[in-house]
Amino acid sequence: MGQRVAMTGNIAVANAMRQINPDVCAAYPITPSTEIMQQFSSFVADGLVKTVLVPAESEHSAMSACIGAAGAGGRVMTATSSQGLALMWEMLFIAAGNRLPIVLAMANRALSAPINIHGDTSDAMGARDSGWIQIFSENAQEAYDNLIQAVRIAEHLDVRLPVMVGMDGFIISHSIESMELLEDEAVRDFVGEYIPNRPLLDIQNPRTYGPLDLQDYYIEHKRQEYEAMKNAKSVILEVARDFSDRFGREYGLFESYRLDDAEVAIVVLNSAAGTVKTVIDALRADGVKAGLLKPRIFRPFPADEIAAALSGVKAVCVMDRADGVNAVGGPLFPEFRSALYDSNPRPMMINKVFGLGGRDLGLHHVREVFAELQTIAETGKIETLAEYITVRN
C-alpha cells in the first residue's frame, strides 16, 4: 500500500502534514518539535503544499493565529512541546470552547524548572482538562498514523474539537525507525476535502465567535463541549475502523498486550510500552502471566472500556512519566484507579512515577515492578501505594 522508509518521528509527522496539506499552519519552534516545522517549512517553500505558513512570535501567538484561521474556515495544524504548550495555555481552552478542529503534533517534553529538553508527558498532562482530545503514540509509525486519523476525528460534525497527538521527545521524535509511508493520494482521500462549519468568512451568514457568555448561557455551552467529547469516543473507533480497512493497521482506545489471561499488568503511555512488552515476553516464557494496557486515547477517558479490560487482573501498576506533585501519584493513576473502583473483583493498584526529564526506563526496572505486582497478587497487601522509580536515592 505504501513505501517502507527509515525516518525520525518528527519527519514522519511532517510528512503526514504534507500529505494532509492544511490551509494554514502557524507555529513557533521549540525543542524537540522544531524539526517538524523545519521540515514542513521546506515543503511549503518547495511548493509541495498550498499551506499558508505563519511564523509567529511565540507559541501563544501561534495558537491565536490557528484559532483565527480555523474560525475563518481553514483546515489548521501546528506543532509544539513543553513550555510551548504551556505558553499556549490560555488559547487551548479558547480553541476547544469555540469547537475549532485544530490538530497539534506534540513531541512530549518535560516542563521547566529545572530546564530540561528531554521527554516526559508533563506538558500533555498539564493540558489534559483543556477540552482537547489527546492521542498518544508508542513509535514513529503510530505518530504518523494517529496524526492522519486526528484530522478526521477533529472535523467530524459530532465532535468538532481540537486534537493533540503526542510522542516522546527525542526517544521517538529524533530516533530513526523503519515505518510505512502511505501514498499521498491515499492519505488525502482518507482525510477528505475540508468543509468548514459556520466559518466567519461566510459573509452571507454573519456570526460572532468568542462573545461574552455569562451565567445565562455559559454552562449550556460547556455542556455541549462535554457531550462532544463523549461523542468523540465512538468517532475515534469509527475512524480507526476505516483506517484499518484501508491500510491494514488496527487502532482502538488502547492496546491490550497479552492481557486476556494476565494476573499482573502495567499501564503505561508512549515509547515505554515497547520496553514493557519486551519484559512481558520474557516473563511469559517463565510462566508469569503478565500483561500491558497501553492507553492510546487519554481524552476522552475510556473508563468503562478500561475497567472491562483490567477487571480480571489481580494487581496493576499504573506508570506515570509525569508527576502529580501533591496528588495521589502521577496524573494517570487517580483516573485509572477511579475507573476500576466499582469493578468486582477490583484489582489492587499501585503507581510508579518514572523517567522524568528523559531518564531511561530499563528492563530491570520493569522486572522489579512486575515482581512487586506478583507479591501483591500473592499476599493481597500493598506496601507502597505510589513512589518514584528510576531515581537515585
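Structure summary
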{"read-out": "Flag if Asn344 is in contact with a Cys (Cβ under 9 Å, 6 or more places away or on another chain) and either in the same structural domain as Gly274 (by TED's automatic domain parsing) or closer than 24 Å to Gly252 by Cα (or both)", "value": "no"}
{"read-out": "Hits in the range 31-54 (condition: buried (at least 22 other Cβ atoms within 10 Å of the Cβ) and farther than 17 Å from Ala143 by Cβ)", "value": "Thr51"}
{"read-out": "Check on Leu259, assigned to a helix (DSSP H, G or I) and in contact (Cβ under 8 Å) with a residue 40 or more places away in the chain", "value": "no"}
{"read-out": "Residue check for Ile172: β-branched (Val, Ile, Thr) and touching a residue at least 40 places away in the same chain (Cβ under 8 Å)", "value": "yes"}
{"read-out": "Of all residues making up the range 328-341, the number that are part of a loop (DSSP other than H, G, I, E, B), modelled with pLDDT of 95 or more and small (Gly, Ala, Ser)", "value": "1"}
{"read-out": "Selected residue (criterion: surrounded by the fewest Cβ atoms within 10 Å (Cβ to Cβ)) from residues of the range 156-206 that are of a type in the set (Val, Ile, Thr) and assigned to a loop (DSSP other than H, G, I, E, B)", "value": "Ile203"}
{"read-out": "Within the range 127-157, considering residues that are of a type in the set (Gly, Ala, Ser) and free of Cβ contacts under 8 Å to residues at least 60 places away in the same chain, the one nearest to Val5 (Cα to Cα)", "value": "Ala150"}
{"read-out": "Residue within the range 84-94 that is surrounded by fewer than 22 Cβ atoms within 10 Å (Cβ to Cβ) and touching a residue at least 60 places away in the same chain (Cβ under 8 Å) present", "value": "yes"}
{"read-out": "Residue check, Ala96 assigned to a helix (DSSP H, G or I) and either within 26 Å of Leu201 (Cα to Cα) or among the hydroxyl-bearing types (Ser, Thr, Tyr) (or both)", "value": "yes"}
{"read-out": "Filter result (in a helix (DSSP H, G or I) and within 18 Å of the chain's Cα centre (by Cα)) within the range 239-255", "value": "Val239, Ala240, Phe243"}
{"read-out": "Selected residue (criterion: surrounded by the fewest Cβ atoms within 10 Å (Cβ to Cβ)) from residues of the range 66-83 that are assigned to a loop (DSSP other than H, G, I, E, B) and not hydroxyl-bearing (Ser, Thr, Tyr)", "value": "Gly73"}
{"read-out": "Residue in the range 298-312 that is at negative phi, assigned to a strand (DSSP E or B) and under 20 Å from the mean Cα position of the chain (by Cα) present", "value": "yes"}
{"read-out": "The range 217-255: number of residues that are surrounded by fewer than 17 Cβ atoms within 10 Å (Cβ to Cβ) and under 30 Å from His365 (Cβ atoms)", "value": "3"}
{"read-out": "Residue list for the range 342-387, restricted to those being at negative phi, outside any helix (DSSP H, G or I) and buried (at least 17 other Cβ atoms within 10 Å of the Cβ)", "value": "Pro347, Met348, Met349, Ile350, Asn351, Lys352, Val353, Phe354, Arg359, Leu361, Ala386"}
{"read-out": "Residue satisfying condition, being in a strand (DSSP E or B) and crowded, with 22+ Cβ neighbours inside 10 Å, within set Val276, Val316", "value": "Val316"}
{"read-out": "Number of the condition not met by Lys233 [criteria: (1) within 16 Å of Pro295 (Cα to Cα); (2) basic (Lys, Arg); (3) part of a loop (DSSP other than H, G, I, E, B)]", "value": "(3)"}
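The values are calculated or read from the model by the stated rules, or taken from the named source; none is laboratory data. Please read all numbers here as calculations on a predicted model, not as lab measurements. Virtual Cβ from ideal backbone geometry, glycine too; neighbours counted across all protein chains shown.
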